[in-house]
Amino acid sequence: MRILLLSLLIAVLFTQASATIPWTPEDAERARAARGGERVIIPAGPYRFSGVDLADFALAAQFVASMQVGDTLDPEYGGIREGEHLPNIIQTDNTSESIWFFSRLYEITGDASILDNLDASWTYVLNHPAYNEEGGDDAIGGYYRMYNCGWALRAEMKYREVFDDTTYKAYSDSCARYLNSHNLRRTGITPFYDAVNPGVLAWAAGNLYEYAVRAGNETWRSGAVTRGSRVKKWVEGDSTVLGTEEWARSGGAVMWGLLESYFRENPAEESAWVATYASQMDTIADPGDWENAWNGWYALGEKRLEQSTGEPRWGNLHAWMTDYLRAFDTENDGGIQAQPSDGTGQDQAWVTSYLAFMGFDPLLQEATDVTAAAEPAPGSAPLLLANRPNPFNPETWIPFRLKEPSAVVLDIYDIAGRKVLRLVDESLPAGEHTVRWAGCGGRGEPVPSGVYFYRIHVGRYSETHKMLLVR
């Protein structure tokens, strides 16, 4: 019943997509070239995503699980192999990604068969900590450990959220301390590191900021903002950073990390900065060794820009790219390759996890984290009315009607499914009620322009509506 409900919600969500054409003809030419000349059709509108569902997500998770070392006597037990043709490359970042992936799969499906894989992944990660990966820890060449630590935080946060289990918090705390005590820089004379380090530092900063907020750790929070500020200066000095593809990341990682670190702390600056620099971010990667991975990062950056601006075209680009990447699963085994020219038998676990995290999950979040509703309790459901005004700036009023005295919770969420603020948490009498939201977060800070959701809970019943803040 739950899976059916979620599938219906997803279908409803995407039949309401904007009519904006997601790619320019130039983008289509580049995509066509990447697919070996295969035609890429741009619909004239209305734009329709062809349909991500739980089956896609679960199949991709099963592919990643199939890449796991299962021999308990193997020193690499629990690790995730790089790919079908790379069985001897086993890395901590691949395995941390699987922890996030398996936890999320359990969260939305209740599939307990993945839990053994999840436990095995934790075994490997604890034996091979993120901050001990190769590459050292200097400010030029130490990108890999910082990248791994970013994934460690992302994985443990999702695991703890799903299972309410703090077993691995000491490990993620150690990764947060590592990120807060290390940094990356550009030299102007080392092209590889100058290209890689902005995206990695932004990724680290974005994850450290969220982790710090959840932990209430102001030192880590300040460290995340400082690192985000460094990346912001790099972009402002050289905006080609937002269109650079190198190693496992692209300019989409830079955009996501900045919006998740510096601009979460300084939301008043976000709108003007995004208006200036969003167009500098590429939307499709140039051909290269890890092209599909680079496009995953662009998809994530596009989705975050939709949240920031409220402009549907960014969400359309994200959905289009997700669909484009999913089409590389020609074997229908859930896995995809690192680049279009790779053949069958060359699917890679980490690129598949990218597709899940950067492509599928933001779409599933909109249906599961924000809009999924429980069954109404007979005779007691509230009537949640449209907020006024909508769009709004700087405040709006949210009305609702209770049929009987009830304990009421009313929350605000952003487009990524994160709770922004709890507006109501009290018992109220039957009748009509109106609540004001001043467009601020839990600390009273103004939140940026974008799409938000307000959700009411009364007993087993919940109902959600959408609103748009335009500053």
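Nothing in this text is a laboratory measurement; each read-out follows from the coordinates by a stated rule. As the structure is a computational prediction, the values presented were derived from the model and not from experiment. A quick note on method: Cβ atoms are made from the backbone with ideal geometry, for glycine too, and the neighbour counts reach across all protein chains shown.
Side notes on the structure shown:
- Residues whose placed amide H lies under 5 Å from that of GLU463, excluding near-sequence neighbours: ILE456
- Taking label positions 7 Å along the Cα-Cβ direction at both ALA268 and LEU86, the computed distance is 4.6 nm, reported to one decimal.
- Per-peptide packing, taken as the mean over residues of other Cβ atoms within 10 Å, places 233-241, 116-124 in the sequence 116-124, 233-241 from highest down.
- For the residue pairs LYS232/LYS303; LYS158/LYS303; LYS158/LYS233, the alpha carbons lie more than 21 Å apart in LYS158/LYS233.
- Residue order, fewest to most beta carbons within 10 Å, for ILE140, ILE90: ILE140, ILE90
- Long-range amide H partners of GLU245 with built H, under 5 Å: none
- Amide H to amide H distances under 5 Å link ILE336 with GLN348, THR352, where only residues 5 or more positions off or on other chains count and H is placed in the peptide plane.
- The range 383-469: translational diffusion in µm²/s, Stokes-Einstein, Kirkwood Rh over Cα pairs, 25 °C, 0.890 mPa s: 188
- Linear extension gain, PHE192 paired with THR123, 0.36 nm per residue minus alpha-carbon span: 21.6 nm
- The phi torsions of the range 289-298, fed into the Karplus equation with coefficients 6.51, -1.76 and 1.60 and a -60° offset, translate into couplings of 4, 10, 4, 5, 5, 4, 5, x, 5, 4 Hz, rounded to whole numbers, with Gly and Pro shown as x.
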